[in-house]
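*Asks:* I have a structure here, written as structure tokens, and I will follow up with some questions on it.
Nothing in this text is a laboratory measurement; each read-out follows from the coordinates by a stated rule. All of these numbers come straight from a predicted model, not from anything done at the bench. Every residue, glycine as well, gets a Cβ built from its backbone with ideal geometry; the counts of neighbours run over all protein chains shown.
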Amino acid sequence: MAEPKFAPSILSADFARLADAVIAVERAGADWVHVDVMDGHFVPNLTFGPKMVADLRKATRLPLDVHLMIERPEEWVDRYADAGATYLTIHVEASRDVPGTLAAIRGRGVRAGLTLNPETPVDLALPHLSSIDLALVMSVHPGFGGQKFIEGALDKVRAIRAALDARSLQVELEVDGGVKPDNAARIVAAGATVLVAGSAIFEDPNGPAAALRKFKSAIRR
Ligand code: DX5
Ligand code: ZN
């Protein structure tokens, strides 16, 4: 099985020590840093904004995979682009103008991502596949780390994988929520290329490097 990229979610790290968290996952061999931006409206939780992204940009060389769980993401594209986001992912449920927002992200030289909540049909993402660099399948209801993986997400991953391959589109296919060493192989087999993991990485008693080794050996098996 092809090895996926790993994007630890700093939502499960100590917010008072986020620079240390990104340095630790970079040393541990992570590929990207997943940055969960929440506004207290689109999801019932609040995290941080563009300044945190700008400050994290100075702390690591890894790509910053910024997941915007915010209403009206179109109003924030410039600020997250200025902050140094590598990928900027919006929710299809959150924007009044999905094509325009994706084009604005790419227009700023940032890779554009599109995601959908567990209850949102995959059909809402399919029309946008040629306008994005990343498709993100949510496998929990967004807002909090440490939730249980929703199995129905695998069908969405397979549907998006089939649509991408049918059109030979080079788009990263990422899965976020409840991803653990014991389900990682199934998620990759369904067609995912990037795995987000928060609690499995930052709450491993042996640290992020040991956690990443568990993921990699589970996928190689
Ligand atoms: C959920 C976030 C996830 C979260 C995943 O709203 O988008 O990125 O950090 O956490 P785990 O891996 O613990 O489910
Ligand atoms: Zn996320």
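*Asks:* Does any residue in the stretch 139-155 that is closer than 21 Å to T47 by Cβ and within 12 Å of ligand 2 (Cβ to nearest atom) come within less than 6 Å, Cβ to Cβ, of a residue that is outside any loop (DSSP other than H, G, I, E, B) and not basic (K, R) six or more places away or on a different chain, and which pairs are these?
*Replies:* S139/A153; S139/V175; P142/M69; G145/L11; G145/S12; G145/S199
*Asks:* Residues of the stretch 1-40 being more than 13 Å from ligand 2 (Cβ to nearest atom), part of a strand (DSSP E or B) and of a type outside the set (D, E), which ones?
*Replies:* K5, F6 - these are the residues of the stretch 1-40 that are more than 13 Å from ligand 2 (Cβ to nearest atom), part of a strand (DSSP E or B) and of a type outside the set (D, E).
*Asks:* Within the stretch 196-204, identify whether any single residue is within 16 Å of ligand 2 (Cβ to nearest atom) and assigned to a strand (DSSP E or B), and answer yes or no.
*Replies:* Yes; the residues of the stretch 196-204 include at least one that is within 16 Å of ligand 2 (Cβ to nearest atom) and assigned to a strand (DSSP E or B).
*Asks:* May I ask you to say which residue of G107, G198, G152, G207 is under 17 Å from the mean Cα position of the chain (by Cα) and of a type in the set (G, A, S)?
*Replies:* Sole residue among the options that is under 17 Å from the mean Cα position of the chain (by Cα) and of a type in the set (G, A, S): G198.
*Asks:* Okay, moving on. If I ask for residues that are within 13 Å of ligand 1 (Cβ to nearest atom) and surrounded by 22 or more Cβ atoms within 10 Å (Cβ to Cβ), which ones from the stretch 186-211 would you list?
*Replies:* If the condition is that a residue be within 13 Å of ligand 1 (Cβ to nearest atom) and surrounded by 22 or more Cβ atoms within 10 Å (Cβ to Cβ), then I187, V194, L195, V196, A197, G198, A200, I201, P208, A211 are the ones that fit.
*Asks:* Any residue in the stretch 1-28 that is in contact (Cβ under 8 Å) with a residue 24 or more places away in the chain sitting within a Cβ distance under 6 Å of a residue that is surrounded by fewer than 18 Cβ atoms within 10 Å (Cβ to Cβ) and small (G, A, S)? List the pairs, counting only those 6 or more apart or interchain.
*Replies:* That search, which allows pairs on different chains as well, returns A19/A59; V22/A59; A28/A209.
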